[in-house]
Structures are given as C-alpha cells and as structure tokens.
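First up is the structure itself, then whatever we jot down about it.
Derivation of every value follows stated rules applied to the coordinates shown; laboratory data play no part. Predicted model only: the values in this text are computed from it and were never measured. So basically every Cβ, Gly included, is an ideal-geometry build from the backbone, and we count neighbours across all protein chains shown.
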Amino acid sequence: MSDMNSLLEPGVLVRHPDQPDWGTGQVQSNIGNRITINFQEVGKVVIDGSRVHLVMVIEP
C-alpha cells in the first residue's frame, strides 16, 4: 500500500485532517506507523499513521 505518511521526515509541516484546531505541526520522527508531531496548539502528539492520513503543509 502506497502511503503519503511514509514520506514524512523530521521537519516536514503537517496538519491533522480531523483536528484543524491543532494548527500546523512539525514532524519530529516517523518510525513504522508511529509519527511524532509537535503541533502549535497542543504540543507533542504521537499519531498512528495507519489510521490517520496527515496532510502536508507547503509554505512558500
């Protein structure tokens, strides 16, 4: 299965599709399906990448 989450590396900016109030998050690590992200509004969160498909944020 091809999955965009597998492309997420430390430093990449993302948003959680079901939690827009969390703001933009920066990927801290991506090991297996466990993605650790530091979000602006809620701090560090570990996401199960097999259940949540994060949205990459492209900023100019």
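The length gained on full extension between Ser6 and Gln40, counted as 0.36 nm times the residue separation minus their Cα-Cα distance, comes to 10.0 nm. Coupling constants for region 11-25 follow from the phi torsions by the Karplus curve (6.51 cos²θ - 1.76 cosθ + 1.60, θ = phi - 60°), and in residue order they are x, 5, 8, 9, 10, 8, x, 9, 9, x, 6, 6, x, 7, x Hz; glycine and proline get x. Around the amide H of Val12, modelled in the peptide plane, lie the amide H atoms of Val27, all under 5 Å away and 5 or more residues distant in sequence or on another chain. When the Cα positions of Leu8, Trp22, Val57 are compared along the charge dipole of the chain, Leu8 comes out farthest toward the positive end, with charges on each C-beta of Lys, Arg, Asp and Glu. The ranking of Arg15, Arg51 by Cβ neighbour count inside 10 Å, starting from the fewest, reads Arg51, Arg15. Basic side chains Lys and Arg get +1 at the Cβ, acidic Asp and Glu get -1 at the Cβ, and with that the dipole of the chain about its Cα centre reaches some 140 debye.
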